[in-house]
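What follows draws every value from the coordinates through simple rules; no lab data is involved. Since this is a predicted model, take the numbers as computed values, not measurements. Please note: Cβ atoms are built from the backbone with ideal geometry, for glycine as well, and neighbour counts cover all protein chains shown.
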């Protein structure tokens, strides 16, 4: 994840491990990887609180070509045969403001049960059959609670909003429309 105005980056990685590994060992290996990438652990600043899942955290400093001096909060833990790591990087001057965001993200990480996972329905494309009198505006509002994406929906279907819809036409409705 990248925020262009605030100039911060968030990387989250789920890594299958060859076998179970203690969080301490996974964190130490991850710390070595960060050192080789030019980030050094800072002894001046520590994470502010206890993290869930037995996670370990550290603050790292370094330099990035575009941002200059940077700081990162690194959070890592293992569960079963997976390693989880979260790296939140920003300009050194913005770190105090940004650290609370990084830690709130880590605090919100939760696992769901197999039963809950089975009940999830993935977002998928739907097909809408146009009924007499329907418009691009009405269809867009029906699926996206706003008519702002009419042009995008028409474009997604290879059409123009100036083209009249005919009863029986089939439209692809994506799981989401990203409107700027």
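Exposure proxy check: 31, 131 ranked by fewest other beta carbons within 10 Å? All intermediate terms of the calculation are to be shown ahead of the outcome.
Working: 31 18, 131 12.
Sorted ascending by nearby Cβ count, the order is 131, 31.
Helical content alone sets the calculated 222 nm signal of the chain at -8000 deg cm²/dmol, taking -39,500 (n - 2.57) per DSSP H segment of four or more residues and averaging over every residue. With the Cα gyration tensor of the chain giving a ≥ b ≥ c as the square roots of its eigenvalues, does the rule (a/c under 1.5 for rounded; else a/b larger than b/c for prolate; else oblate) give rounded, prolate or oblate? Because a/c hits 1.5 or more and a/b exceeds b/c, the chain counts as prolate.
Angle of helix 23-36 to the longest C-alpha principal axis of the chain, folded into 0 to 90 degrees and rounded to 10: 90°. Rounded if a/c is under 1.5, else prolate if a/b beats b/c, else oblate: with a ≥ b ≥ c from the C-alpha gyration tensor eigenvalues square-rooted, which is region 126-173? Verdict is rounded for region 126-173. In this calculation the C-beta distance from residue 14 to residue 156 is compared with R0 = 45 Å, giving a FRET efficiency of 0.90. Working from label points 7 Å from Cα in the Cα-to-Cβ sense, the residue 147 to residue 37 distance is 4.7 nm. Normalising the average separation of contacting C-alpha pairs (under 8 angstrom, six or more residues apart) by the number of residues puts the relative contact order of region 2-113 at 31 percent.
Going by Cα centres, region 47-98 and region 135-180 are how many Å apart? Using only Cα atoms, the two centres lie 41 Å from each other.
Measure nothing fancy, just the Cα-based angle from helix 95-107's long axis to the longest principal axis of the chain, in degrees from 0 to 90, nearest 10. Between helix and principal axis, roughly 70 degrees.
If we count other beta carbons within 10 Å of each Cβ, what is the order of 74, 130, fewest first?
130, 74
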